[in-house]
Amino acid sequence: MERHWLINLLELLVPLLWLGCTACVDLDGQDRRAWLQETLIEDNLALLARDPATTGGKFLKMGSSPYNLFRGTVGQFVRDSAQRGPGYLPTRFGSVEGSRVLLVGDPHLENLGTFRAASGELLVDFNDFDASGYGPWILDVRRLALSVWLTAALLPEDGVDAVSPGELAASVARGYADEVSAETDGSPPLRVRAGEHGAILDDLFERAEANGDADTALSDYTRVVGGRRVMVFGELEAGPVEGVDGDVVRAPPVEEQRLVEAHLAQVGATLIASIPQDQLAVKGVSRRLGAGVSSYPLWRYYVLVEGPTQAPDDDWLLEVKETSDPPRRPGLAVHPGRQFASNGARVVSSQRALQERPDADPLLGCLDLGRLSFRVRERTSYQRGLAVDRIVERVGDGRWSVADLQELATIAGRLLARAHLNAPTLHGGDALLIVAADLGGDRDGLAEETTRFVEVYGPQLLTDHQLLNALLADEGPTLGYRP
């Protein structure tokens, strides 16, 4: 049966309303602090009900720095982008089909990291797809550019060249447009390897290779005792602020451990390559606390499994991390129903589609524990992420230059475009043709629009950080939430 004409009309209109809305809710004049309190509680309501203390730790961690606030507020970013207020800037670069691109969801500098593919190659790519889903590609561009603006804004004024944060953020947009142009002309998609893309990424490659070769993940979280590898428990690193866990691993309750052991076999069917089931035999389970910002209250287990042989030297350490719903995006309500069987399946499918190669993490998979869905990956020291604190410190003291940061921003923009262009759209369209048509070759126009966005929304982030800390002081770690 043909769909009703009104549904077809809504599918056309809703994304366009976001792209150039004149009748959206106007937040100007409202109490931003009250809005921030309400939306943070709303977005974390299930977690607050389940574990208010740990969820309060998330808010405390967000309050510890402006960048942590940014990392924990992707939902607020999407809301601000869709309604009149500090983040509302209708784009000239959009279309109905351009609103159905598969998004990374939360692209930012600290979500770039190294991977060791099945071939043994080290590469850099986006590494967090918890917020992935379909939506307007411009959202991802602005989110990534905003992370560069914020990093630049945190640099000490006396230790940097005279380049504004807005100019640095515009490098993301130019890199994005350059990759679209290159692939449109037939060039192969971008590949990031050591020695090719500047001092900051070379430093990341060097640390990943050194730590990976030393197998620091296994040595940090496990020990060999009497010829058998076992889990380590205890606090390995203190938390950054009072009330926030650092690197802590604990023995889970017996029933949780048994649940993980009983369901881990599910992951074998979701791996990209077949692995004998005995290689996934569980040898130990720990509960990891303190990791992440947005994901800080989510359940995360480390699972030690047999690996290729019975020798302890080639055991695998898997991370089994809870996944939750992505943020709601403009226009998504009119899309057909659920696209993925679970959040874990969404994250895994998106990662494989958006990364350079689907086997960047050969042990990437998913499983369900009751009503909860989990993403599984190998916890290997070859996987290492960028750290904004390290960038700020090294640019500030002169070991790296602002030009190095600008080169990183450009490469990040190109990586984002490559991800979008090589993944399927919601209805299977060619993302390269769609995004190229939206851009129309206007590289400078995209850069100018992106600069306007970050120069308005960036300062709002700094203000929001102050507002959050005022809320924490007045309302406590749970922002006034009461069960």
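The values are calculated or read from the model by the stated rules, or taken from the named source; none is laboratory data. Everything numeric in this text was worked out from a predicted model, so none of it was measured. Here the Cβ is made from the backbone with ideal geometry for all residues, glycine too, and neighbour counts use every protein chain on show.
Take the residues in segment 370-386 that are part of a loop (DSSP other than H, G, I, E, B) and surrounded by fewer than 19 Cβ atoms within 10 Å (Cβ to Cβ); name whichever of them is modelled with the lowest pLDDT.
Ranking the qualifying residues of segment 370-386, first place goes to 370.
Within segment 65-87, which residues are part of a loop (DSSP other than H, G, I, E, B), crowded, with 20+ Cβ neighbours inside 10 Å and hydroxyl-bearing (Ser, Thr, Tyr)?
Result: 73, single match.
Which one of these does residue 374 not meet: (1) under 25 Å from residue 135 (Cα atoms); (2) without any contact (Cβ under 8 Å) to a residue 40 or more places away in the chain?
(2)
Pairs under 9 Å by beta carbon, first residue in a strand (DSSP E or B) in segment 265-287, partner among the acidic types (Asp, Glu) and surrounded by 17 or more Cβ atoms within 10 Å (Cβ to Cβ), six or more apart or different chains?
Sorted first by the residue in segment 265-287, then by its partner, the pairs are 282/306; 283/306; 283/315.
Would you check which residues across segment 309-330 are among the basic types (Lys, Arg) and either within 18 Å of residue 364 (Cβ to Cβ) or in a strand (DSSP E or B) (or both) and list them? Spell out how you get there, then give the answer.
Keep residues of segment 309-330 that are among the basic types (Lys, Arg), which gives 321, 328-329.
Residue satisfying the conditions is 321 alone.
Looking at residue 168, is it assigned to a loop (DSSP other than H, G, I, E, B), buried (at least 20 other Cβ atoms within 10 Å of the Cβ) and over 14 Å from the mean Cα position of the chain (by Cα)?
Here the answer is no, as residue 168 does not meet what is asked.
Considering only residues that are under 18 Å from residue 42 (Cα atoms) and either assigned to a helix (DSSP H, G or I) or free of Cβ contacts under 8 Å to residues at least 24 places away in the same chain (or both), which ones fall in segment 470-481?
Correct list: 471, 472, 475.
Test residue 198 against the stated conditions and say whether it is more than 23 Å from residue 315 (Cα to Cα), crowded, with 16+ Cβ neighbours inside 10 Å and either touching a residue at least 12 places away in the same chain (Cβ under 8 Å) or touching an Asp or Glu at 6+ places or on another chain (Cβ under 7 Å) (or both).
yes
Kindly indicate whether residue 210 is assigned to a helix (DSSP H, G or I), modelled with pLDDT under 95 and over 21 Å from the mean Cα position of the chain (by Cα).
Yes, satisfied.
Do you know which of the residues in segment 217-238 that are assigned to a strand (DSSP E or B), free of Cβ contacts under 8 Å to residues at least 40 places away in the same chain and over 28 Å from the mean Cα position of the chain (by Cα) is farthest from residue 303 (Cα to Cα)?
225
Output yes when any residue across segment 10-27 is farther than 23 Å from residue 145 by Cα, within 19 Å of the chain's Cα centre (by Cα) and either at pLDDT below 95 or of a type in the set (Val, Ile, Thr) (or both), and no when none is.
Within segment 10-27, none of the residues are farther than 23 Å from residue 145 by Cα, within 19 Å of the chain's Cα centre (by Cα) and either at pLDDT below 95 or of a type in the set (Val, Ile, Thr) (or both).
Can you tell me how many residues in segment 88-117 are assigned to a loop (DSSP other than H, G, I, E, B), under 29 Å from residue 296 (Cα atoms) and modelled with pLDDT under 95?
Within segment 88-117, residues that are assigned to a loop (DSSP other than H, G, I, E, B), under 29 Å from residue 296 (Cα atoms) and modelled with pLDDT under 95 number 2.
Would you confirm whether any residue within segment 191-198 is of a type in the set (Val, Ile, Thr), modelled with pLDDT of 95 or more and within 30 Å of residue 284 (Cα to Cα)?
No.
Does at least one position in segment 136-156 carry a residue that is more than 12 Å from the chain's Cα centre (by Cα), of a type in the set (Gly, Ala, Ser) and within 16 Å of residue 354 (Cα to Cα)?
no
Determine whether residue 217 is surrounded by 18 or more Cβ atoms within 10 Å (Cβ to Cβ), closer than 23 Å to residue 92 by Cα and of a type in the set (A, V, I, L, M).
For residue 217, the condition - surrounded by 18 or more Cβ atoms within 10 Å (Cβ to Cβ), closer than 23 Å to residue 92 by Cα and of a type in the set (A, V, I, L, M) - is not met.
Does segment 188-207 hold any residues that are part of a loop (DSSP other than H, G, I, E, B) and either touching a strand residue (DSSP E or B) at 6+ places or on another chain (Cβ under 9 Å) or of a type in the set (Phe, Trp, Tyr) (or both), and which are they?
191, 192, 193, 194, 197
Can you tell me which residue among 442, 474, 464, 389 is under 18 Å from residue 201 (Cα atoms), out of contact with any strand residue (DSSP E or B) (no Cβ under 9 Å at 6 or more places or on another chain) and at pLDDT 95 or above? Let's see the steps before the verdict.
Working: 442 fails: under 18 Å from residue 201 (Cα atoms); 474 fails: under 18 Å from residue 201 (Cα atoms); 464 fails: under 18 Å from residue 201 (Cα atoms).
Going through 442, 474, 464, 389 in turn, just one is under 18 Å from residue 201 (Cα atoms), out of contact with any strand residue (DSSP E or B) (no Cβ under 9 Å at 6 or more places or on another chain) and at pLDDT 95 or above: 389.
List the residue pairs whose Cβ atoms are under 7 Å apart, where the first residue sits in segment 412-434 and is closer than 27 Å to residue 168 by Cα, the second is buried (at least 23 other Cβ atoms within 10 Å of the Cβ) and among the polar types (S, T, N, Q), and the two are 6 or more positions apart or on different chains.
Going by the 7 Å Cβ cut-off, the qualifying pairs are 413/171.
Which members of segment 118-133 meet the condition of being in a loop (DSSP other than H, G, I, E, B) and within 19 Å of the chain's Cα centre (by Cα)?
Those that are in a loop (DSSP other than H, G, I, E, B) and within 19 Å of the chain's Cα centre (by Cα): 127, 128, 129, 130, 131, 132.
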